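**Student:** Input: one structure, supplied below.
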Amino acid sequence: MSTDDWLTDIRTSYDTVAISYADQVRDAIAGHQYLRAALALFADSVRAAGGGPVADVGCGPGQVTAHLHRLGIDAFGIDLSPGMIDVAQREHPGLRFEVGSMTDLDLPAASVTGLLAWQSLIHIPDDEVPTVFGHFHRTLRPGGPLQLLFHVGDESQLKTQGYGGHPMKVHVHRRQPDQVAAWLRDAGFEVEAQMLLDPVEKTSQAFLFARRKLCQ
């Protein structure tokens, strides 16, 4: 399958489920203390790096972007799905959201102080991850923090239905934190910490906290 094919499947799937997905995740951050803590830590890291714009890549309906904004961070959202961007703009008027892809991130070099990708890397095939991390590295200022949240595991599954029972066609790639950390180091990042959520559950998720090396 070509890159255009699986990106089209992702875009179409999330356009289809955008409203139902937004309804499902709207209160997720408010109801989960570890999500709030991770975003507070990220916001502190952005301020410590001098402040400035922050890219929420794969922002979906914008709930993470909006939470960062409430923490005083100049955050904007990017998502592959125009449907998701429409929902984000409607639910969070006044914030900046735009259509874009992490596989071809249309941002100037060293233009953001921080970057995060929550549950958006999960649809990127292994062989495309280095390209994505290369874009993250290029876009971040030296010393800028990066935060990832992703599903933990060793398998990939095709998701054909979700979020209100709507049809979807996306592969969900579960990965071990050590593998993702190795890709980050290869791309020029320093990995500072990792955290597992629900570590004994099949639905475990992992945070990775990293930053672009100052010397690169």
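The values are calculated or read from the model by the stated rules, or taken from the named source; none is laboratory data. All of these numbers come straight from a predicted model, not from anything done at the bench. With ideal geometry, Cβ positions are generated from the backbone for all residues, glycine too; neighbour counts draw on all protein chains shown. Ligands, DNA and RNA are excluded from the accessible area calculation, which covers all protein heavy atoms including side chains. Shrake-Rupley method; radii C 1.70, N 1.55, O 1.52, S 1.80 Å.
**Student:** Just checking, how many residues over the range 87-124 are over 24 Å from Gly52 (Cα atoms) and out of contact with any helix residue (DSSP H, G or I) (no Cβ under 7 Å at 6 or more places or on another chain)?
**Tutor:** 2
**Student:** Taking Ala210 as the residue in question, decide whether it is open to solvent by less than 60 Å² (accessible area, probe 1.4 Å), outside any strand (DSSP E or B) and touching a Leu at 6+ places or on another chain (Cβ under 8 Å).
**Tutor:** Here the answer is no, as Ala210 does not meet what is asked.
**Student:** Which of the following residues is free of Cβ contacts under 8 Å to residues at least 24 places away in the same chain and either surrounded by 12 or more Cβ atoms within 10 Å (Cβ to Cβ) or farther than 21 Å from Leu35 by Cβ (or both): Ala193, Ala182?
**Tutor:** Ala182
**Student:** Identify, by number, the condition in (1) crowded, with 22+ Cβ neighbours inside 10 Å; (2) more than 22 Å from Phe209 (Cβ to Cβ); (3) out of contact with any His (no Cβ under 8 Å at 6 or more places or on another chain); (4) among the hydrophobic types (A, V, I, L, M, F, W, C) that Ala22 doesn't meet.
**Tutor:** (1)
**Student:** Something else: Collect the residues in the range 148-166 that are small (Gly, Ala, Ser) and part of a loop (DSSP other than H, G, I, E, B), keeping them in residue-number order.
**Tutor:** Gly153, Gly164, Gly165
**Student:** Let me ask another. Filter the range 131-175 down to the residues that are closer than 17 Å to Ala18 by Cβ and open to solvent by less than 20 Å² (accessible area, probe 1.4 Å), then identify the one that is modelled with the highest pLDDT.
**Tutor:** Val170
**Student:** Mind listing whichever residues of the range 167-200 are assigned to a loop (DSSP other than H, G, I, E, B), closer than 15 Å to Phe150 by Cβ and not polar (S, T, N, Q)?
**Tutor:** Arg174, Asp198, Pro199
**Student:** It is to be established whether one or more residues within the range 25-40 are in contact with a helix residue (DSSP H, G or I) (Cβ under 9 Å, 6 or more places away or on another chain), open to solvent by less than 20 Å² (accessible area, probe 1.4 Å) and within 22 Å of Phe133 (Cβ to Cβ).
**Tutor:** yes
**Student:** Out of the residues in the range 196-207 meeting the condition of being closer than 9 Å to Pro177 by Cβ and either out of contact with any strand residue (DSSP E or B) (no Cβ under 9 Å at 6 or more places or on another chain) or not small (Gly, Ala, Ser) (or both), tell me which one is least open to solvent (accessible area, probe 1.4 Å).
**Tutor:** Per the criteria, the residue is Phe207.
**Student:** Run down Gly58, Gly62, Gly52 and say which single residue is open to solvent by less than 10 Å² (accessible area, probe 1.4 Å), in contact with a strand residue (DSSP E or B) (Cβ under 9 Å, 6 or more places away or on another chain) and at positive phi.
**Tutor:** Result: Gly62 is the single residue among Gly58, Gly62, Gly52 that is open to solvent by less than 10 Å² (accessible area, probe 1.4 Å), in contact with a strand residue (DSSP E or B) (Cβ under 9 Å, 6 or more places away or on another chain) and at positive phi.
**Student:** Right, next: Name every residue in the range 102-119 that is closer than 9 Å to Gly58 by Cα and surrounded by 23 or more Cβ atoms within 10 Å (Cβ to Cβ), in order of residue number. If you could, list the steps in order and put the result at the bottom.
**Tutor:** If we filter the range 102-119 for residues that are closer than 9 Å to Gly58 by Cα, which is where we start, we get 102, 116-119.
Result: Met102, Leu116, Ala117, Trp118.
**Student:** I want to confirm something. Restricting to the range 97-122 and keeping residues that are assigned to a loop (DSSP other than H, G, I, E, B) and over 19 Å from Thr12 (Cβ atoms), which single residue is nearest to the chain's Cα centre (by Cα)?
**Tutor:** Leu105
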